[in-house]
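The values are calculated or read from the model by the stated rules, or taken from the named source; none is laboratory data. Treat the numbers as computed from the prediction; the structure is a model and nothing was measured. All Cβ positions, glycine included, derive from the backbone under ideal geometry; neighbour counts span all protein chains shown.
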Amino acid sequence: MRPIFFLHLTKTGGQTLAARLASAFRPERVHMLQPPLRWPDHADRLTQLLETRDFIESHVLGPLLAKCQGIDILTTVRDPIERLISAYKHIRREPAIPLHRAALSLTPLEFFDNFGDQLADDQSRSLIHALNHFDLSLMAADGYRSWLLEQLPAALRRLRWLIPTESIDEFCPLWAGETGHLPVAREIMLNRARPDEVADWELRRIINARPELTALDSVLWTEARRWWRDWRNTRLLAGVPRRTPATEAFSDDSRGIWLTAGWLPTPQLEEGRREWWAGPGCTSTVEIRRGTARHLVVDISVIIGLGREQIAVFARPTFQRLPTRLEGEGRLRIDLTGLGEDAEITLIVPEVLSAIQVFPSDTDITRRSFAATNWRLE
């Protein structure tokens, strides 16, 4: 089994999650709650840990993990404004931190005007620096922020788990189910912050007025929530048959069409035919067992705020765009030539609206893009 490295970003609930996950391993196979690992001083130490530990949690200073392969990396990410508030209060509590005196002597407004740049996008910077060789003396150079933005996608690809802080309670049992570990001790709670005399509402107002302090961390935060949504849904559906009567749009002796994701839950009965609405997102997936059929045909009976020609169809997972043709009153014909007997496709629209946005007298806020009926293979 590959070692798990918990890349601990400060003030993101990392101690609590690390202690919970560590409870699933033998104590002698765990490294956690120790001083940060620093590049290049601790490169040999990291090699030793990876050979003798199954679970390693640490803050990382410098590109210690840049060339480290064969591990599963996990990290937690927090709402950037709430994390900045927590970091500021932590500085006020800890005399050993260089900014401690300034945080106590200045008003919050004065502190963030004078020293806020030292705390800006700290989650993104820590993540990227740990995974990418970079001369830290260039942090003050022009183009540094652009470099960070360019490196963020590659850093995200190195991660196996990217968990929003508020989701760690739900993450623990799903992680245990995915990895086959014993259930973890979910009641563990470490490093809870003490009350502080500075009001959170005042700090939120100051930080909100300075979006440059959280710009890149907001991108990271958005990706963490997107990752969590997708991973959570995958884990909750693990072991649940994807092809169910509720999603079956067509079948005969050897062929079938199943609407698997991105469709509103319950088909409606319209003139004796089942009608499925795509939504609330822009992508809707379909599984097909086509036999020798060359085309998938579907009637687009209703569409909200779009043109039927705006529905694009791609093969999964290659993202090869499939030829389509509109026929008659809203019939969409999709060319399946070149796909296997079992295939999966994605229908994508540019946006999804609700009736309340389109029709003056309607109050329905459910986001739908189009209604599809009469699925068949030809």
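Just the residues that are assigned to a strand (DSSP E or B) and charged (D, E, K, R), please, taken from segment 282-306.
Scanning segment 282-306 gives 287, 289, 299.
Would you mind finding the one in 335, 362, 342 that is modelled with pLDDT under 95, more than 16 Å from residue 317 (Cα to Cα) and of a type outside the set (Lys, Arg)? Write out each step before concluding.
On the way: 335 fails: modelled with pLDDT under 95; 342 fails: more than 16 Å from residue 317 (Cα to Cα).
Within the list 335, 362, 342, the selection yields 362.
Which helices (runs of 4 or more DSSP H) does segment 61-123 wholly contain that include 1 or more residues that are surrounded by fewer than 14 Cβ atoms within 10 Å (Cβ to Cβ) and hydroxyl-bearing (Ser, Thr, Tyr)?
Filter on segment 61-123 gives 100-105.
Residue by residue through segment 195-227, note down the ones that are within 25 Å of residue 156 (Cα to Cα), part of a helix (DSSP H, G or I), touching a residue at least 12 places away in the same chain (Cβ under 8 Å) and not small (Gly, Ala, Ser).
Matches in segment 195-227: 212, 213, 216, 217, 219, 220, 221, 223, 225, 227.
Could you tell me whether residue 17 is assigned to a helix (DSSP H, G or I), under 24 Å from residue 82 (Cβ atoms) and in contact with a Ser or Thr (Cβ under 8 Å, 6 or more places away or on another chain)? Outline the logic, then answer.
Numbers: assigned to a helix (DSSP H, G or I): yes; under 24 Å from residue 82 (Cβ atoms): yes; in contact with a Ser or Thr (Cβ under 8 Å, 6 or more places away or on another chain): yes.
Yes; evaluated as a whole, the condition is true for this residue.
Given the criterion surrounded by 18 or more Cβ atoms within 10 Å (Cβ to Cβ), at pLDDT 90 or above and in contact with a strand residue (DSSP E or B) (Cβ under 9 Å, 6 or more places away or on another chain), identify the matching residue among 128, 206, 168. Walk me through how you get there before you give the answer.
On the way: 128 fails: in contact with a strand residue (DSSP E or B) (Cβ under 9 Å, 6 or more places away or on another chain); 206 fails: in contact with a strand residue (DSSP E or B) (Cβ under 9 Å, 6 or more places away or on another chain).
None of the other options fit; the residue is 168.
Considering only segment 326-338, state which residues are over 20 Å from residue 261 (Cα atoms) and of a type outside the set (Lys, Arg).
326, 327, 328, 329, 330, 335, 337, 338
Given the structure, is residue 367 within 19 Å of residue 261 (Cβ to Cβ), among the basic types (Lys, Arg) and surrounded by 20 or more Cβ atoms within 10 Å (Cβ to Cβ)?
yes
Just to be sure before I move on: is residue 70 in contact with a Phe, Trp or Tyr (Cβ under 8 Å, 6 or more places away or on another chain) and small (Gly, Ala, Ser) in the structure I sent?
Numbers: in contact with a Phe, Trp or Tyr (Cβ under 8 Å, 6 or more places away or on another chain): no; small (Gly, Ala, Ser): yes.
Considered against the rule, which asks whether it is in contact with a Phe, Trp or Tyr (Cβ under 8 Å, 6 or more places away or on another chain) and small (Gly, Ala, Ser), residue 70 comes out as no.
Scan segment 315-326 and report the pairs whose first residue is in a strand (DSSP E or B) and whose second residue is among the aromatic types (Phe, Trp, Tyr) and surrounded by 12 or more Cβ atoms within 10 Å (Cβ to Cβ), with Cβ atoms within less than 6 Å and a gap of 6+ or a chain change.
Listed pairs, sorted by first residue: 321/314.
For segment 141-155, which residues satisfy the criterion of being within 9 Å of residue 128 (Cβ to Cβ) and without any contact (Cβ under 8 Å) to a residue 60 or more places away in the chain?
Those that are within 9 Å of residue 128 (Cβ to Cβ) and without any contact (Cβ under 8 Å) to a residue 60 or more places away in the chain: 147, 151, 154, 155.
Residues in segment 143-163: is at least one hydroxyl-bearing (Ser, Thr, Tyr), assigned to a helix (DSSP H, G or I), under 26 Å from residue 205 (Cβ atoms) and touching a helix residue (DSSP H, G or I) at 6+ places or on another chain (Cβ under 9 Å)?
No, every residue in segment 143-163 fails to be hydroxyl-bearing (Ser, Thr, Tyr), assigned to a helix (DSSP H, G or I), under 26 Å from residue 205 (Cβ atoms) and touching a helix residue (DSSP H, G or I) at 6+ places or on another chain (Cβ under 9 Å).
Considering only residues that are in a helix (DSSP H, G or I) and basic (Lys, Arg), look in segment 228-273 and name the one that is modelled with the lowest pLDDT. Walk me through it before giving the result.
Taking segment 228-273 first, the residues in a helix (DSSP H, G or I) are 228-236, 245-247.
Filter again for basic (Lys, Arg), leaving 229, 232, 235.
Values: 229: 89, 232: 91, 235: 86.
Filtering segment 228-273 for residues that are in a helix (DSSP H, G or I) and basic (Lys, Arg), the one modelled with the lowest pLDDT comes out as 235.
Determine whether residue 356 is assigned to a loop (DSSP other than H, G, I, E, B) and over 20 Å from residue 257 (Cβ atoms). If you could, list the steps in order and put the result at the bottom.
Numbers: assigned to a loop (DSSP other than H, G, I, E, B): no; over 20 Å from residue 257 (Cβ atoms): yes.
When the stated conditions are applied, residue 356 does not pass them.
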